[in-house]
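So the structure is just underneath, and the comments pick up after that.
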Amino acid sequence: MNPKSITIMLLLIIASAALLYVNQEQDYTAPTKDPKGIVSLKSLNPEIVEVIELGRGEQAFEIKRSGTAWILPSLWDSMADSEEVMSFLSDLKTISEAEERGRSTASHETFNVAAQNAIRVSLKDPDLNPIIGFYLGKVDGTGRTFIRIAGEDKVYSVKPNLLRRAAFAGAELRAESWFKKLLYQLPAKSEVRQLIVNNGSERIVLDWIPGEIQEEESGESDDSDLVKVGSDPQWWISEPEKTRADDNTVKGMISSLKNVRCEEPLDPSSAESLGFGEPSGSITALLANGGKVTLEFAADRELSLGGEGVAVRIQGDTRIVVSRLWVKTNLLKSLEELKAVRPAAPELLTPDLLTPTLEKTSETPGSPENPVSNGDSTEEG
(Lines give C-alpha, C1' and ligand atoms only; values in the text may rest on other atoms or scores of the structure.)
Protein backbone atom coordinates (compact mmCIF):
# COMPACT_ATOMS: atom_id res chain seq x y z
CA MET A 1 0.00 0.00 0.00
CA ASN A 2 1.42 3.35 -1.00
CA PRO A 3 1.89 6.15 1.52
CA LYS A 4 -0.99 8.16 0.09
CA SER A 5 -3.48 5.36 0.71
CA ILE A 6 -2.23 4.91 4.27
CA THR A 7 -2.71 8.59 4.98
CA ILE A 8 -6.28 8.54 3.65
CA MET A 9 -7.10 5.46 5.74
CA LEU A 10 -5.77 7.08 8.90
CA LEU A 11 -7.85 10.21 8.24
CA LEU A 12 -11.00 8.08 7.79
CA ILE A 13 -10.35 6.25 11.08
CA ILE A 14 -9.86 9.52 12.94
CA ALA A 15 -13.04 10.98 11.43
CA SER A 16 -15.08 7.90 12.35
CA ALA A 17 -13.79 7.98 15.92
CA ALA A 18 -14.67 11.67 16.21
CA LEU A 19 -18.19 11.06 14.87
CA LEU A 20 -18.72 8.17 17.30
CA TYR A 21 -17.57 10.33 20.21
CA VAL A 22 -19.98 13.12 19.24
CA ASN A 23 -22.92 10.71 18.99
CA GLN A 24 -22.13 9.19 22.38
CA GLU A 25 -21.96 12.64 23.98
CA GLN A 26 -25.39 13.50 22.56
CA ASP A 27 -26.97 10.32 24.04
CA TYR A 28 -25.16 10.50 27.40
CA THR A 29 -27.15 11.45 30.55
CA ALA A 30 -25.21 12.46 33.65
CA PRO A 31 -25.88 10.11 36.59
CA THR A 32 -26.41 13.07 38.92
CA LYS A 33 -29.41 14.36 37.01
CA ASP A 34 -32.62 13.66 38.96
CA PRO A 35 -35.81 12.43 37.22
CA LYS A 36 -38.69 14.88 36.90
CA GLY A 37 -40.79 13.33 39.71
CA ILE A 38 -37.86 13.37 42.15
CA VAL A 39 -37.16 17.00 41.26
CA SER A 40 -40.80 17.83 42.10
CA LEU A 41 -40.38 16.32 45.57
CA LYS A 42 -37.09 18.11 46.18
CA SER A 43 -38.61 21.45 45.19
CA LEU A 44 -41.69 20.94 47.40
CA ASN A 45 -42.71 23.90 49.56
CA PRO A 46 -44.07 22.36 52.81
CA GLU A 47 -46.03 25.54 53.53
CA ILE A 48 -48.42 24.94 50.63
CA VAL A 49 -49.25 21.41 51.77
CA GLU A 50 -52.70 21.45 53.35
CA VAL A 51 -53.49 17.73 53.50
CA ILE A 52 -51.35 14.62 53.69
CA GLU A 53 -53.13 11.41 52.73
CA LEU A 54 -51.48 8.23 53.97
CA GLY A 55 -52.46 4.64 53.34
CA ARG A 56 -51.33 1.04 53.20
CA GLY A 57 -53.55 -1.80 52.08
CA GLU A 58 -57.07 -1.02 53.27
CA GLN A 59 -55.88 1.46 55.90
CA ALA A 60 -56.12 5.16 54.98
CA PHE A 61 -56.33 8.45 56.87
CA GLU A 62 -55.56 12.16 56.56
CA ILE A 63 -53.36 14.61 58.42
CA LYS A 64 -54.78 18.08 57.94
CA ARG A 65 -53.32 21.52 58.60
CA SER A 66 -55.16 23.62 61.19
CA GLY A 67 -53.56 27.04 61.52
CA THR A 68 -50.01 26.44 62.72
CA ALA A 69 -50.88 22.92 63.92
CA TRP A 70 -51.90 19.61 62.32
CA ILE A 71 -54.93 17.50 63.24
CA LEU A 72 -56.17 13.96 62.64
CA PRO A 73 -59.78 14.17 61.38
CA SER A 74 -60.34 10.42 61.77
CA LEU A 75 -59.45 10.68 65.49
CA TRP A 76 -62.00 13.35 66.46
CA ASP A 77 -59.69 16.15 65.25
CA SER A 78 -57.06 15.16 67.79
CA MET A 79 -53.75 16.98 67.63
CA ALA A 80 -51.11 15.40 65.39
CA ASP A 81 -47.43 15.58 66.21
CA SER A 82 -46.60 18.70 64.20
CA GLU A 83 -42.86 18.24 64.58
CA GLU A 84 -43.09 14.73 63.16
CA VAL A 85 -45.26 15.92 60.25
CA MET A 86 -42.96 18.81 59.32
CA SER A 87 -39.90 16.58 59.70
CA PHE A 88 -41.38 14.17 57.15
CA LEU A 89 -42.11 16.97 54.68
CA SER A 90 -38.62 18.38 55.19
CA ASP A 91 -37.09 14.97 54.46
CA LEU A 92 -38.68 15.05 51.01
CA LYS A 93 -36.69 18.21 50.20
CA THR A 94 -33.42 16.47 51.06
CA ILE A 95 -33.87 13.58 48.61
CA SER A 96 -30.65 12.99 46.67
CA GLU A 97 -28.62 10.44 44.68
CA ALA A 98 -31.60 8.93 42.86
CA GLU A 99 -30.59 5.61 41.30
CA GLU A 100 -32.90 3.81 38.89
CA ARG A 101 -33.48 0.21 40.03
CA GLY A 102 -36.55 -0.87 38.05
CA ARG A 103 -38.43 0.10 34.88
CA SER A 104 -41.54 -2.12 34.69
CA THR A 105 -44.47 -3.16 36.86
CA ALA A 106 -42.79 -6.53 37.27
CA SER A 107 -40.21 -4.90 39.55
CA HIS A 108 -42.75 -3.24 41.88
CA GLU A 109 -43.27 -6.29 44.07
CA THR A 110 -39.52 -6.77 44.41
CA PHE A 111 -39.02 -3.29 45.83
CA ASN A 112 -42.36 -3.24 47.69
CA VAL A 113 -43.64 -0.20 45.79
CA ALA A 114 -46.76 -1.86 44.33
CA ALA A 115 -49.93 0.08 45.09
CA GLN A 116 -51.44 -2.70 47.22
CA ASN A 117 -48.57 -3.06 49.71
CA ALA A 118 -46.50 0.14 49.62
CA ILE A 119 -47.05 3.18 51.85
CA ARG A 120 -49.16 5.50 49.72
CA VAL A 121 -48.59 9.24 50.11
CA SER A 122 -50.60 12.00 48.46
CA LEU A 123 -50.02 15.71 49.13
CA LYS A 124 -52.74 18.30 48.46
CA ASP A 125 -52.77 22.10 48.37
CA PRO A 126 -55.22 24.46 50.20
CA ASP A 127 -57.76 23.96 47.38
CA LEU A 128 -57.43 20.19 47.90
CA ASN A 129 -55.84 19.78 44.48
CA PRO A 130 -53.16 17.05 44.27
CA ILE A 131 -49.58 18.33 44.41
CA ILE A 132 -47.82 15.00 44.03
CA GLY A 133 -48.28 11.35 44.99
CA PHE A 134 -45.75 8.60 45.51
CA TYR A 135 -45.20 5.12 46.96
CA LEU A 136 -42.62 4.30 49.62
CA GLY A 137 -41.16 0.80 49.44
CA LYS A 138 -38.49 -1.07 51.38
CA VAL A 139 -35.40 0.37 53.00
CA ASP A 140 -32.41 -0.01 50.70
CA GLY A 141 -29.45 -0.77 52.92
CA THR A 142 -28.46 2.02 55.28
CA GLY A 143 -29.96 5.44 54.79
CA ARG A 144 -31.83 4.81 51.52
CA THR A 145 -35.43 4.07 50.46
CA PHE A 146 -37.09 2.68 47.35
CA ILE A 147 -39.63 5.12 45.91
CA ARG A 148 -41.98 5.24 42.93
CA ILE A 149 -43.76 8.35 41.73
CA ALA A 150 -47.52 7.83 41.20
CA GLY A 151 -48.39 7.24 37.55
CA GLU A 152 -44.89 6.02 36.72
CA ASP A 153 -43.36 2.55 36.54
CA LYS A 154 -39.72 3.40 37.28
CA VAL A 155 -38.39 2.61 40.75
CA TYR A 156 -35.61 4.65 42.35
CA SER A 157 -33.39 4.20 45.36
CA VAL A 158 -32.91 7.56 47.08
CA LYS A 159 -31.33 9.10 50.13
CA PRO A 160 -32.37 9.52 52.96
CA ASN A 161 -34.32 6.69 54.59
CA LEU A 162 -37.81 8.21 54.46
CA LEU A 163 -39.15 5.45 56.75
CA ARG A 164 -36.86 6.33 59.65
CA ARG A 165 -39.68 7.56 61.92
CA ALA A 166 -41.66 5.58 64.47
CA ALA A 167 -44.95 6.51 62.77
CA PHE A 168 -44.02 4.21 59.86
CA ALA A 169 -42.99 1.28 62.03
CA GLY A 170 -44.97 -1.94 62.23
CA ALA A 171 -47.03 -3.90 59.76
CA GLU A 172 -50.01 -1.52 59.99
CA LEU A 173 -50.12 2.16 59.22
CA ARG A 174 -52.20 3.79 61.99
CA ALA A 175 -53.39 7.36 62.50
CA GLU A 176 -52.67 6.87 66.22
CA SER A 177 -48.96 6.69 65.37
CA TRP A 178 -49.07 10.37 64.36
CA PHE A 179 -50.99 11.42 67.49
CA LYS A 180 -49.34 14.15 69.60
CA LYS A 181 -48.51 12.61 72.97
CA LEU A 182 -48.18 15.91 74.79
CA LEU A 183 -51.42 17.10 76.42
CA TYR A 184 -50.12 20.23 78.11
CA GLN A 185 -46.87 22.10 78.52
CA LEU A 186 -46.48 24.93 81.00
CA PRO A 187 -45.36 27.97 78.95
CA ALA A 188 -41.64 28.68 79.11
CA LYS A 189 -40.56 31.15 81.83
CA SER A 190 -44.07 31.15 83.32
CA GLU A 191 -44.36 31.50 87.09
CA VAL A 192 -47.02 29.62 89.04
CA ARG A 193 -48.46 31.65 91.89
CA GLN A 194 -51.29 29.41 93.09
CA LEU A 195 -52.32 25.77 92.81
CA ILE A 196 -55.79 24.45 93.59
CA VAL A 197 -55.95 20.70 94.01
CA ASN A 198 -59.19 18.72 94.20
CA ASN A 199 -58.29 15.18 95.15
CA GLY A 200 -61.31 13.08 96.04
CA SER A 201 -63.06 14.88 98.90
CA GLU A 202 -60.06 17.14 99.62
CA ARG A 203 -59.76 20.70 98.33
CA ILE A 204 -56.31 22.17 98.88
CA VAL A 205 -55.20 25.69 97.99
CA LEU A 206 -51.47 26.38 97.77
CA ASP A 207 -50.13 29.95 97.60
CA TRP A 208 -46.69 31.17 96.68
CA ILE A 209 -45.59 33.72 99.26
CA PRO A 210 -42.49 35.84 98.51
CA GLY A 211 -41.21 35.58 102.08
CA GLU A 212 -41.32 33.52 105.26
CA ILE A 213 -44.65 33.38 107.13
CA GLN A 214 -44.91 34.30 110.78
CA GLU A 215 -46.66 31.38 112.44
CA GLU A 216 -48.74 31.72 115.57
CA GLU A 217 -47.33 30.21 118.74
CA SER A 218 -50.52 28.30 119.41
CA GLY A 219 -50.50 26.79 115.95
CA GLU A 220 -54.13 27.80 115.51
CA SER A 221 -55.10 29.57 112.30
CA ASP A 222 -57.36 32.60 112.01
CA ASP A 223 -59.11 34.37 109.16
CA SER A 224 -56.37 36.96 108.63
CA ASP A 225 -54.17 36.95 105.54
CA LEU A 226 -50.85 35.21 105.60
CA VAL A 227 -48.20 37.75 106.59
CA LYS A 228 -44.71 37.54 105.21
CA VAL A 229 -41.43 38.27 106.93
CA GLY A 230 -37.92 37.78 105.63
CA SER A 231 -37.16 37.37 101.92
CA ASP A 232 -37.14 33.67 100.91
CA PRO A 233 -40.12 32.65 98.73
CA GLN A 234 -42.10 29.76 100.15
CA TRP A 235 -45.20 27.71 99.39
CA TRP A 236 -47.96 27.70 101.96
CA ILE A 237 -51.24 25.87 102.31
CA SER A 238 -54.05 28.40 102.80
CA GLU A 239 -56.94 25.90 102.63
CA PRO A 240 -58.20 23.82 104.40
CA GLU A 241 -55.72 25.10 107.01
CA LYS A 242 -52.86 27.57 107.14
CA THR A 243 -49.58 25.75 107.36
CA ARG A 244 -46.26 25.52 105.61
CA ALA A 245 -46.18 23.36 102.46
CA ASP A 246 -43.32 21.10 101.47
CA ASP A 247 -41.51 23.13 98.81
CA ASN A 248 -40.00 20.08 97.08
CA THR A 249 -43.40 18.40 96.70
CA VAL A 250 -44.96 21.54 95.22
CA LYS A 251 -42.02 22.11 92.89
CA GLY A 252 -42.38 18.51 91.72
CA MET A 253 -46.03 19.15 90.83
CA ILE A 254 -45.08 22.27 88.87
CA SER A 255 -42.32 20.35 87.09
CA SER A 256 -44.91 17.71 86.08
CA LEU A 257 -47.06 20.47 84.54
CA LYS A 258 -44.19 21.29 82.19
CA ASN A 259 -44.66 17.98 80.37
CA VAL A 260 -48.09 16.36 80.78
CA ARG A 261 -47.93 13.28 78.57
CA CYS A 262 -50.80 11.28 77.06
CA GLU A 263 -51.04 8.03 75.13
CA GLU A 264 -54.18 7.95 73.00
CA PRO A 265 -57.30 10.00 72.16
CA LEU A 266 -60.88 9.24 73.17
CA ASP A 267 -64.28 10.14 71.71
CA PRO A 268 -65.26 13.56 73.18
CA SER A 269 -68.96 12.64 72.94
CA SER A 270 -68.38 10.00 75.63
CA ALA A 271 -67.29 12.53 78.28
CA GLU A 272 -70.20 11.69 80.60
CA SER A 273 -69.68 7.93 80.44
CA LEU A 274 -65.95 8.39 80.97
CA GLY A 275 -66.66 10.02 84.32
CA PHE A 276 -66.26 13.73 83.63
CA GLY A 277 -69.71 14.42 85.09
CA GLU A 278 -68.07 13.88 88.49
CA PRO A 279 -64.29 14.14 87.95
CA SER A 280 -62.10 12.10 90.28
CA GLY A 281 -59.79 15.08 90.66
CA SER A 282 -58.41 18.24 89.14
CA ILE A 283 -55.55 20.69 89.41
CA THR A 284 -55.70 24.39 88.56
CA ALA A 285 -52.57 26.48 88.09
CA LEU A 286 -52.77 30.30 88.22
CA LEU A 287 -49.82 32.08 86.63
CA ALA A 288 -48.19 35.41 87.45
CA ASN A 289 -49.19 36.78 84.02
CA GLY A 290 -52.87 36.06 84.66
CA GLY A 291 -52.91 32.78 82.77
CA LYS A 292 -54.84 29.81 84.08
CA VAL A 293 -55.13 26.13 83.24
CA THR A 294 -57.20 23.33 84.76
CA LEU A 295 -56.62 19.63 84.14
CA GLU A 296 -59.57 17.37 84.95
CA PHE A 297 -59.22 13.64 85.62
CA ALA A 298 -62.10 11.19 85.23
CA ALA A 299 -62.21 7.43 85.76
CA ASP A 300 -59.23 5.08 85.61
CA ARG A 301 -59.11 2.85 82.53
CA GLU A 302 -56.82 0.40 80.81
CA LEU A 303 -54.67 1.61 77.93
CA SER A 304 -55.32 -0.14 74.62
CA LEU A 305 -51.67 -1.22 74.45
CA GLY A 306 -51.64 -2.32 78.10
CA GLY A 307 -51.04 -0.60 81.41
CA GLU A 308 -53.06 1.53 83.83
CA GLY A 309 -54.38 4.84 82.57
CA VAL A 310 -56.85 7.60 83.36
CA ALA A 311 -59.07 9.79 81.18
CA VAL A 312 -58.01 13.45 81.30
CA ARG A 313 -58.81 16.71 79.55
CA ILE A 314 -57.98 20.40 79.72
CA GLN A 315 -60.96 22.40 80.96
CA GLY A 316 -62.45 24.35 78.05
CA ASP A 317 -61.08 21.91 75.45
CA THR A 318 -63.49 19.31 74.13
CA ARG A 319 -60.74 16.82 73.34
CA ILE A 320 -60.19 13.91 75.76
CA VAL A 321 -57.14 11.69 76.04
CA VAL A 322 -55.83 8.82 78.15
CA SER A 323 -52.70 9.39 80.23
CA ARG A 324 -50.80 6.89 82.27
CA LEU A 325 -51.98 6.74 85.87
CA TRP A 326 -48.72 8.13 87.22
CA VAL A 327 -49.50 11.47 85.54
CA LYS A 328 -52.44 11.82 87.93
CA THR A 329 -50.52 10.72 91.00
CA ASN A 330 -47.71 13.18 90.21
CA LEU A 331 -50.14 16.10 90.05
CA LEU A 332 -52.78 15.32 92.67
CA LYS A 333 -51.31 15.18 96.16
CA SER A 334 -53.11 14.72 99.48
CA LEU A 335 -53.02 17.24 102.30
CA GLU A 336 -50.66 15.07 104.32
CA GLU A 337 -48.30 14.73 101.35
CA LEU A 338 -48.27 18.51 100.89
CA LYS A 339 -47.60 19.51 104.50
CA ALA A 340 -44.03 20.36 105.37
CA VAL A 341 -42.44 17.86 107.69
CA ARG A 342 -41.53 19.69 110.89
CA PRO A 343 -38.19 18.73 112.38
CA ALA A 344 -38.53 16.66 115.53
CA ALA A 345 -37.74 18.53 118.76
CA PRO A 346 -34.41 17.47 120.26
CA GLU A 347 -34.86 14.99 123.08
CA LEU A 348 -33.97 16.54 126.44
CA LEU A 349 -31.40 14.68 128.46
CA THR A 350 -32.75 13.55 131.85
CA PRO A 351 -30.69 12.55 134.87
CA ASP A 352 -31.56 8.94 134.10
CA LEU A 353 -30.10 9.29 130.60
CA LEU A 354 -26.96 10.84 132.05
CA THR A 355 -26.49 7.96 134.55
CA PRO A 356 -24.42 5.03 133.21
CA THR A 357 -26.44 1.88 132.63
CA LEU A 358 -26.11 -0.49 135.56
CA GLU A 359 -26.04 -4.25 135.43
CA LYS A 360 -29.49 -5.75 135.71
CA THR A 361 -28.39 -7.59 138.88
CA SER A 362 -27.23 -4.37 140.56
CA GLU A 363 -29.47 -2.31 142.74
CA THR A 364 -29.73 1.44 142.41
CA PRO A 365 -27.96 3.17 145.31
CA GLY A 366 -30.37 4.90 147.64
CA SER A 367 -33.19 2.48 146.97
CA PRO A 368 -35.05 0.87 149.89
CA GLU A 369 -33.15 -2.34 149.17
CA ASN A 370 -29.77 -0.58 149.39
CA PRO A 371 -30.04 2.49 151.63
CA VAL A 372 -27.18 4.99 151.77
CA SER A 373 -26.29 6.54 155.12
CA ASN A 374 -25.65 10.26 155.53
CA GLY A 375 -26.48 10.85 151.84
CA ASP A 376 -23.16 9.43 150.73
CA SER A 377 -22.82 6.64 148.24
CA THR A 378 -20.28 3.87 148.51
CA GLU A 379 -18.30 2.54 145.61
CA GLU A 380 -16.26 -0.58 145.42
CA GLY A 381 -12.98 -0.05 143.88
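Taking a probe of 1.4 Å, how large is the accessible area per residue of region 73-155, in Å²?
Values: 3960 Å² over 83 residues.
For region 73-155, the per-residue accessible area is 48 Å².
What is the projected area of the convex hull of the Cα atoms of region 111-185, averaged over all directions, in nm²? Averaging across all directions leaves 6.9 nm² for the Cα convex hull. The protection proxy used here, the mean number of other Cβ atoms lying within 10 Å of each residue, ranks peptides 320-328, 119-127 as follows, highest first: 320-328, 119-127.
Measuring against 31 Å, Cα to Cα, the residue pairs K33/K181; K42/K180; K42/K138; K93/K181 contain K33/K181 as the ones spanning a longer distance. Distance between the C-alpha centres of region 47-87 and region 287-335: 24 Å, rounded to the whole angstrom.
Listed values for region 57-68 are Karplus-derived 3J(HN,Hα) couplings in whole Hz (6.51 cos²θ - 1.76 cosθ + 1.60, θ = phi - 60°), namely x, 8, 7, 7, 7, 10, 10, 10, 6, 9, x, 8, and x replaces Gly and Pro.
Phi angles of region 284-290 translate, via the Karplus equation with coefficients 6.51, -1.76, 1.60 and θ = phi - 60°, into HN-Hα couplings of 10, 10, 9, 9, 5, 8, x Hz per residue; Gly and Pro are given as x. Percent of Cα pairs in region 64-136 per distance bin of 5 Å, from zero to the largest separation: 3, 12, 16, 22, 21, 12, 9, 5, 1.
Quick one: Debye curve from the C-alpha atoms of region 76-222, no solvent, what's log10 I(q)/I(0) at q = 0.13, 0.21 Å⁻¹? Taken in order of the listed q values, log10 I(q)/I(0) reads -0.73, -1.41.
The values are calculated or read from the model by the stated rules, or taken from the named source; none is laboratory data. Bear in mind that the values here come from a model prediction, so they are computed numbers and not experimental data. Glycine gets a Cβ as well: all are built from the backbone with ideal geometry, and neighbour counts include every protein chain shown. For accessibility, only protein heavy atoms count, side chains too; no ligands or nucleic acids. Shrake-Rupley method; radii C 1.70, N 1.55, O 1.52, S 1.80 Å.
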